[in-house]
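Trainee: Before I ask anything, here is the structure I am working with.
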Amino acid sequence: SGWKRRSDVLAAMAAGPSHLIGTSGTVTCLAGVHLGLPRYRRDAVDGAWMTRACAEAAIGRLRDLGPAGRARLPTIGPERAGLMLSGCAIIDAAWELYPAERLRVADRGLREGLLLTMMYGPPRSKRRGRRRKASAAGAESETEAASDGR
């Protein structure tokens, strides 16, 4: 598989536009700080973009606030205040290993996707209504399929 080594990921990133994706926890709280939200709002955070400079500025603010200041931020609160700088160190390390200009924030994480799949089944294909193409091995032609109403 081509994604087993870091060099493969870096080569793929260099081949065209790329960005990091951060899900849940620290990333979403950091986005709330970056956006200056008066309270956490999933609709504002999910899908938000942060440049590395913006993320570093928000991390610097969190570091300067100290544990008590982080606990008072409504987008973090006392339950996450002690974890934020550790999580930010992981974000920073990921950005060092995989340089990208921006990071996209995803509030809906892997566990939520798994839960929804368990509850409702896998997502339906979005490729409905496409006409099958005739194969080179002599399958019926698209014209024949169209005349049959398929």
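The values are calculated or read from the model by the stated rules, or taken from the named source; none is laboratory data. Owing to the predicted nature of the structure, the values given are computational and were not obtained by experimental measurement. Please note: Cβ atoms are built from the backbone with ideal geometry, for glycine as well, and neighbour counts cover all protein chains shown.
Trainee: Which pairs do you get when a residue that is within 21 Å of ASP46 (Cα to Cα), found in segment 66-80, comes within reach of a residue that is of a type in the set (Phe, Trp, Tyr) and surrounded by 13 or more Cβ atoms within 10 Å (Cβ to Cβ), reach meaning Cβ atoms under 9 angstrom, with the pair 6+ apart or on two chains?
Mentor: Close Cβ pairs satisfying both conditions: PRO74/TYR40; THR75/TYR40; ILE76/TYR40; GLY77/TYR40.
Trainee: May I pose another question? Out of SER86, SER141, report the one residue that is modelled with pLDDT under 95 and not acidic (Asp, Glu). Write out each step before concluding.
Mentor: Numbers: SER86 fails: modelled with pLDDT under 95.
None of the other options fit; the residue is SER141.
Trainee: Being of a type in the set (D, E, K, R) and free of Cβ contacts under 8 Å to residues at least 40 places away in the same chain is the requirement here; does ASP92 meet it?
Mentor: Details: of a type in the set (D, E, K, R): yes; free of Cβ contacts under 8 Å to residues at least 40 places away in the same chain: yes.
Judged against the criteria, ASP92 is a match.
Trainee: Right, here's the next one. How many residues are part of a helix (DSSP H, G or I), within 18 Å of GLU96 (Cβ to Cβ) and not basic (Lys, Arg) when one looks only at segment 19-64? Even if it seems obvious, please write down each step before you answer.
Mentor: First pass over segment 19-64, keeping only residues part of a helix (DSSP H, G or I): 25-35, 42-45, 52-64.
If we keep only those that are within 18 Å of GLU96 (Cβ to Cβ) too, we end up with 26-27, 30, 52-60, 63.
Add one more test, that the residue is not basic (Lys, Arg), and what stays is 26-27, 30, 53-60.
Count: 11.
Trainee: Looking only at segment 54-90, count every residue that is surrounded by 17 or more Cβ atoms within 10 Å (Cβ to Cβ) and over 23 Å from the mean Cα position of the chain (by Cα) and tell me the total.
Mentor: 3
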